[in-house]
Amino acid sequence: MKPTLIDTDILSLFFRGDKKVIQSFHNYLKKHDSVNISIITYYEILSGLKYRDLKKLLMPFLEFVEHCNIIPLTPNSVEISADIYSDLRKKGLLIDDIDILIAGISISNDMILITHNIKHFSRIENLVVQDWAS
């Protein structure tokens, strides 16, 4: 199984106790040492928890992240993201910048993006996506 990058929506489902997503995490971890999330997903979850003042969920998230590989933005992933943005804008199919950055990180690290938002991410060429919630 190729390494994966977990999108924000899948991570949210995991923390909400979605049984299918949790089982997919368990199956993945049988073959891989840890889960990969992007620095963008880390930011999205952390900022959401802080905005909603969900202190009881903040510590479990931070403890979970200690066991994850946090994949950074790099010049290469930003360049790929800029190409994705340009392509989607020319086609009139633009998606959120945050999703474009996550896709760029996934492509630049040769990872499958695990997301429940197949509709938006399927617009991106050379991006392999799977949905662990369906």
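Below, the figures for the structure above:
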| read-out | value |
| --- | --- |
| Cross-link reach list, lysines versus K30, counting only Cα pairs under 19 Å and skipping chain neighbours closer than eight places | K2, K19, K20 |
| Hypothetical label at F15: residues of the range 80-124 whose amide nitrogen lies under 17 Å (7 Å Cα-Cβ projection) | 115-116 |
| Gyration tensor (alpha-carbon) shape descriptor, the range 1-47, a/c threshold 1.5 | oblate |
| Percent of alpha-carbon pairs separated by more than 21 Å within the range 4-130 | 39 percent |
| For the range 9-25 versus the range 74-134, the gap between their alpha-carbon centres in whole angstrom | 21 Å |
| Reachable lysines, given that their alpha-carbon falls under 16 Å from the alpha-carbon of K91 and they are not under 8 places away in the same chain | K119 |
| Separation in nanometres of the label points that stand 7 Å from Cα toward Cβ, at S47 and T74 | 2.4 nm |
| Amide proton proximity set for W132, modelled H, under 5 Å, gap of 5+ | T115 |
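Read the figures in this text as sums done on the coordinates, not as results from a lab. Predicted model, so just to flag it, every value in this text is computed and none were measured. Quick reminder, even Gly has a Cβ in these numbers, built from the backbone with ideal geometry, and neighbours come from all protein chains shown.
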